[in-house]
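The values are calculated or read from the model by the stated rules, or taken from the named source; none is laboratory data. All figures in this text were calculated on a predicted structure; none of them were measured in a lab. Every residue, glycine as well, gets a Cβ built from its backbone with ideal geometry; the counts of neighbours run over all protein chains shown.
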Amino acid sequence: MIEPNGKSQGHGSDAAAGRQAPAGVAADVRAAAFGDAEAFERLYRAHVSRVYGLACRMAGGDRADELTQDVFVRVWEKLGTFRGEAAFSSWLYRLAINLIYSRLRAIGTLRERETAGEIPLLRARARRDSIEIRLDFEVAIERLPNGARQVFVLHDIEGYKHREIAEMLEITSGTSKSQLHRARMILRRHLDA
């Protein structure tokens, strides 16, 4: 239960308060929509790592913490609008993608990264050790021009179709395909270097 000062009352266990903890994501979503901070915390813990990974890949590691926090603040604010027509995780990731994309657009990084070119990526050399290759791949993704990076993350990592990406990013399906091809070519050159 939430007290007027916004803090959760400590009951230890819900059973001690005369009720059982809600079972499942749907129950947590309903409870959190009515202000249950513990239910929201369970939702947060279940999804924070994937949202953080998405933020890292779309916006870079330097912005990921702040964007992840912003996503969950927005989730808390908008939870009452979740209608249950899709899985909660789908709704959450769509909200996260939209928020991250709008923040990037608002701070002007789309144009900045598009014009920055591929020079820093081409200068970086890949290491052949498997851990280093994985880390280098993450760095390579972070250095992609913003449009190419976002389409690559949404298509190849998150599994969205070009039609869905086009709708999310307000581009055409052809642009999505072109950006994906561009991202793959840049990554291939980087990893072959």
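Which of the residues belonging to region 160-193 are outside any helix (DSSP H, G or I) and within 23 Å of Ala96 (Cα to Cα)?
From region 160-193, those outside any helix (DSSP H, G or I) are 160-161, 170-172, 193; that's our starting set.
Passing the criteria: Tyr160, Lys161, Glu170, Ile171, Thr172.
Go through Lys177, Lys161 for me and flag whichever is at pLDDT 85 or above, loosely packed, with under 14 Cβ neighbours inside 10 Å, over 12 Å from Met58 (Cα atoms) and within 21 Å of the chain's Cα centre (by Cα).
So the residue among Lys177, Lys161 that is at pLDDT 85 or above, loosely packed, with under 14 Cβ neighbours inside 10 Å, over 12 Å from Met58 (Cα atoms) and within 21 Å of the chain's Cα centre (by Cα) is Lys161.
Would you pick out the residues in region 168-190 that are touching a residue at least 60 places away in the same chain (Cβ under 8 Å) and out of contact with any helix residue (DSSP H, G or I) (no Cβ under 7 Å at 6 or more places or on another chain)?
none
Restricting to region 45-81, count the residues that are of a type in the set (Phe, Trp, Tyr) and surrounded by 18 or more Cβ atoms within 10 Å (Cβ to Cβ). Walk me through how you get there before you give the answer.
Here is the first cut: in region 45-81, the residues of a type in the set (Phe, Trp, Tyr) are 52, 72, 76.
With surrounded by 18 or more Cβ atoms within 10 Å (Cβ to Cβ) added as a condition, the list becomes 52, 72.
Result for region 45-81: 2.
State whether one or more residues within region 65-83 are under 19 Å from His155 (Cα atoms), in a helix (DSSP H, G or I), under 18 Å from the mean Cα position of the chain (by Cα) and among the hydrophobic types (A, V, I, L, M, F, W, C).
No, that holds for no residue.
Is there a residue in region 18-37 that is touching a strand residue (DSSP E or B) at 6+ places or on another chain (Cβ under 8 Å), modelled with pLDDT under 95, assigned to a helix (DSSP H, G or I) and surrounded by 15 or more Cβ atoms within 10 Å (Cβ to Cβ)?
Yes, region 18-37 contains at least one residue that is touching a strand residue (DSSP E or B) at 6+ places or on another chain (Cβ under 8 Å), modelled with pLDDT under 95, assigned to a helix (DSSP H, G or I) and surrounded by 15 or more Cβ atoms within 10 Å (Cβ to Cβ).
Quick one: in region 82-111, of everything that is among the hydrophobic types (A, V, I, L, M, F, W, C) and exposed (fewer than 15 other Cβ atoms within 10 Å of the Cβ), which residue is modelled with the lowest pLDDT?
Among those that are among the hydrophobic types (A, V, I, L, M, F, W, C) and exposed (fewer than 15 other Cβ atoms within 10 Å of the Cβ), it is Ile107.
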